[in-house]
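Below: the structure, in structure tokens.
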Amino acid sequence: QDNGTMKINSGQWNNILGGDGMECMIDFNNPNIIYSTYYYGSLHKSTNGGFTFNDISPASNGAWVTPYAMHPTNSNTLYAGYSNVYKTTNGGNSWDQISSNLTGGTDLQSLAIAKSNPDYIYTATYDNIYKTTNGGTNWENITSGLPSNPSIKYIAISSTDPNKLWVTFSGFYTSYKVYMSEDGGNIWQN
């Protein structure tokens with residue numbers, strides 16, 4: 001934030017996209033394809049190593065730091081979380097909404113795709129966490145068992161088991177920072 005998007009090339013740092021600069025991704029099959037975001041979900045793509053960018057945002061407004069993720073085996077498939085989850089299979093040329101009224105209009109804050117089974121997608125607002133096990137056809141709220149007012153910040157999924165995940169919390173609570181589930185969010189452990 002506040003630094004734009006920087007790229008190092010041959011030991012030299014260059015600002016390749018202005019704004020606050022949020023999360024970035026590089027296509028694992030083509031390092032000239034770079035994805036970067038501004039605030040509120042303004043998602044941009046470069047196909048020439050960061051010299052020029054095009055806006056490929058699937059929705060008009062997201063969280064301050066809008067979450068997005070790349071499919072683990074198909075780099076043209078991306079997912080982005082606004083108040084719903086969107087998916088592209090062509091590197092952002094077009095998007096499909098794969099959730100419907102998931103949050104009642106609240107912005108999603110985190111998003112993770114299981115490497116071992118990409119049909120498992122987890123996403124969360126600050127207060128609720130959701131999952132799909134069929135690529136977005138059906139979603140389930142798996143918040144039960146987490147602390148009230150949790151302020152969920154991040155989701156991590158085991159690389160070998162799509163039902164094993166961890167969530168982290170922000171705030172100043174000493175009694176909980178990380179919760180784990182080994183059964184896809186049915187039971188949570190502090």
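At a glance:
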{"item": "Farthest toward positive dipole pole in the chain [+1 Lys/Arg, -1 Asp/Glu at C-beta], among M22, Y86, G11", "result": "G11"}
{"item": "Coordinate range along principal axes, alpha carbons of region 54-141, Å, largest first", "result": "30, 30, 19"}
{"item": "Contour excess over end-to-end distance, with Cα ends at N141 and T174 and 0.36 nm allotted per residue", "result": "9.3 nm"}
{"item": "Using θ = phi - 60° and Karplus 6.51 cos²θ - 1.76 cosθ + 1.60, couplings along region 143-150 (whole Hz; Gly, Pro as x)", "result": "6, 3, x, 8, x, 6, 6, x"}
{"item": "Using a Förster distance of 22 Å, the FRET efficiency for N190-S116 (Cβ separation, nearest 0.05)", "result": "0.35"}
{"item": "Kirkwood Rh (inverse of mean 1/r, distinct Cα pairs), region 71-190, angstrom", "result": "14.5"}
{"item": "Distance in nm between pseudo-label sites at D161 and T47 (7 Å out along the Cβ direction from Cα)", "result": "4.2"}
{"item": "Solvent accessible area, Å² - S175, 1.4 Å probe, full protein context", "result": "80"}
{"item": "Candidate residues T137, T52: accessible-area rank, largest first, probe 1.4 Å", "result": "T137, T52"}
{"item": "List K153, K45, ordered by accessible area with a 1.4 Å probe, largest first", "result": "K153, K45"}
{"item": "Coordinate range along principal axes, alpha carbons of region 1-119, Å, largest first", "result": "44, 30, 23"}
{"item": "Computed magnitude of the charge dipole of the chain (debye, nearest 20; Cβ of K, R +1, Cβ of D, E -1)", "result": "200"}
{"item": "Candidate residues I26, I155: accessible-area rank, largest first, probe 1.4 Å", "result": "I26, I155"}
{"item": "Kirkwood Rh and Cα Rg combined as Rg/Rh, region 36-94", "result": "0.94"}
{"item": "Estimated dipole of region 1-103 in Debye, rounded to 20 [Cβ of Lys and Arg +1, of Asp and Glu -1, Cα centre]", "result": "140"}
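The values are calculated or read from the model by the stated rules, or taken from the named source; none is laboratory data. As the structure is a prediction and not an experimental result, all values here were calculated from the model. Glycine also receives a Cβ, built like all others from the backbone with ideal geometry; neighbour counts cover every protein chain displayed. What goes into the accessible areas is simple: the full protein's heavy atoms, side chains included, and nothing from ligands, DNA or RNA. Shrake-Rupley method; radii C 1.70, N 1.55, O 1.52, S 1.80 Å.
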